[in-house]
Each structure stands twice: as structure tokens, then as C-alpha cells.
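S.K.: First the structure, which I've put down as C-alpha cells, then a few questions once you've had a look.
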């Protein structure tokens, strides 16, 4: 029977291979939430990209809140928006901006994730993002373990050791 750590590692490996949302926020961070089946977008962003009716931007970071505020101001200046509707939208943006810090704590972006400390976990972290071809997976896994040990200062880098073991392409 596999240990709970092995089971957790296997489940995390499977989850890491799932497609991710391709949305790029205004602050240049990728969303990274799991994408919907047969889609490039998560449930949250699919409306923006796949909807039949254009939707306004989703206030998901400080930059998008500022852009939405500018849109409301322009709408008021151009007479395209009623003052009451603008007031309601601005109130919603105020709530969104107050909620941003908590949202960031609950849903950190992938760019802020720390790399695993243990070399074994770091090796799998790297390997699962490589998507190595099937005939080279064993060699890629071995190289990832060597790299992780080197990065964590456990072994010196020895390129000659990896050159001898490289499989020849078929």
C-alpha cells in the first residue's frame, strides 16, 4: 500500500499536468487556474473569451480595477452611461479593490509560488513541466534529479556523467 506522501505526490503530479487557463492579467501574471474541459480558459475567464456578448473586464488586480474606473469615467463624459449605473459600477469596483488583498492570499498566482526545498520534490517540480517525449522520459527524470541536487548544493555539477547515459534517438 502506498504511503500518504506517495499518494499525495502522485495526485499533485496528475493535477500539475492538467491544462491551465491562458488568461494574462494586466499585471502580466498568468491566471494559472485549471482550464475547463475543451477550453483554454478557466470558468472565471471563459466568459470574457467565449461569450457571445462582450463582457467588461473582470476586476482581478489593481491594474484592471483602474482600467474599469477609467472606462466608467469615459462613459460618463461621453454620455454613454447613466450616472446611477456608473455609481453602482464604481461601488462594485470599490468592493473589488478592497477584496484584492484577501483574494491574493487565497489564490496566489503561479509566479509567486516558492520552489520546493527538498531536491526530490524540486526534481519532480521541474520534470512535470518539461513534457519530455516518451522515449526520453527516463533520461529527463534523471537529469532533473541531478539538477535539483546541484541547485540545492548536494552534489557538484558533472556534465560528463550525463553525456554517457544519453539515449540515442531512434
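Each value in this text was obtained by applying a stated rule to the coordinates, not by laboratory testing. Since this is a predicted model, take the numbers as computed values, not measurements. Every residue, glycine among them, receives a Cβ derived from its backbone with ideal geometry; neighbour counts consider all protein chains shown.
S.K.: Only counting other Cβ atoms within 10 Å, I'd like 42, 144 sorted with the fewest neighbours first.
M.R.: 42, 144
S.K.: Please report 155, 7 as a ranked list, fewest other C-beta atoms within 10 angstrom at the top and most at the bottom. Each step should come with its number before you reach the end.
M.R.: Working: 155 15, 7 11.
Listed from fewest to most nearby Cβ atoms, that is 7, 155.
S.K.: Same structure, new question: Taking 0.36 nm per residue of separation and subtracting the Cα-Cα distance, what length does fully extending residue 98 through residue 40 add?
M.R.: Once the chain is fully extended between residue 98 and residue 40, it gains 18.0 nm.
S.K.: Spin-label point model (7 Å from Cα, Cβ direction): what's the residue 67 to residue 49 distance in nm?
M.R.: 1.4 nm
S.K.: Between residue 90 and residue 117, how many nm apart are label points set 7 Å from Cα along the C-beta direction?
M.R.: The answer from the label model is 4.9 nm.
S.K.: Moving to a separate point now. Please give, to one decimal in nm, the separation of the simple spin-label points placed at residue 30 and residue 131, each 7 Å out from Cα toward the Cβ.
M.R.: It is 0.9 nm.
S.K.: Using R₀ = 35 Å, calculate the FRET efficiency as 1/(1 + (r/R₀)^6) where r is the Cβ-Cβ separation of residue 9 and residue 80; round to 0.05.
M.R.: 0.05
S.K.: Quick one: 151, 65, fewest Cβ neighbours within 10 Å first, how do they rank?
M.R.: With the sparsest Cβ surroundings first, the list reads 151, 65.
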